[in-house]
Amino acid sequence: MILFLIIAAIALATALLVVLNPNPVRSALFLVVNLFCVAGLYLLLNAYFLSAVQVIVYTGAIMVLFLFVIMLLNLGTPDRSLNKLKAQAPIAVLGGLVLAGTLVWAVTKGTPPIALPTEPMVGLDTLGSPQGIGKTLYDPKKPWLFPFEVTSILLLIAVIGSVVLARRSYGEEASKS
């Protein structure tokens, strides 16, 4: 319960920092931390597959896409990325040490791995497994596939919009010179 409260507090704080930070690159980095916290919450729910997918797909691929769009729009220009946080380096070192200590503790004192059952599981135990996710997504009584498709189309529209905005601003700069 204590670990849940710590991860949830970090997730809440980083979510607020994503919205309140004026620097888009730092905002994206806070979003990365938030997505790692969500993966940690999945781990606490014993949804190991969802946690791995969260890290690989969202923290990896989607954040690369977001940073690509930020750089394409040139939102991280020098006047916007001035370092106003003087205590950033010590806080980063402290955070890294806490993370390393937590990792060492988890490896040395953590719970032993659970033996997997030989028979197929039914119920909440399969919720985070690939089989449980597949059965939930493709069940005709639960149409969860449609929201995923809508999300992918929205991301595609956002990327196309950023390319159009980047071309427009680039064309205006070229015509001024």
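Data overview
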quantity: Spin-label pair L72/T136, simplified geometry with 7 Å Cα→Cβ offset, distance in nm; calculated: 3.2
quantity: Shape call, the stretch 10-49: gyration tensor on alpha carbons, a/c limit 1.5; calculated: prolate
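The numbers here are math on the coordinates, done by the rules we state, and not lab data. In this text the structure is predicted, and so the values were computed from the model without any measurement. Note that each Cβ is placed from the backbone with ideal geometry, even for glycine, and that neighbours are counted across all protein chains shown.
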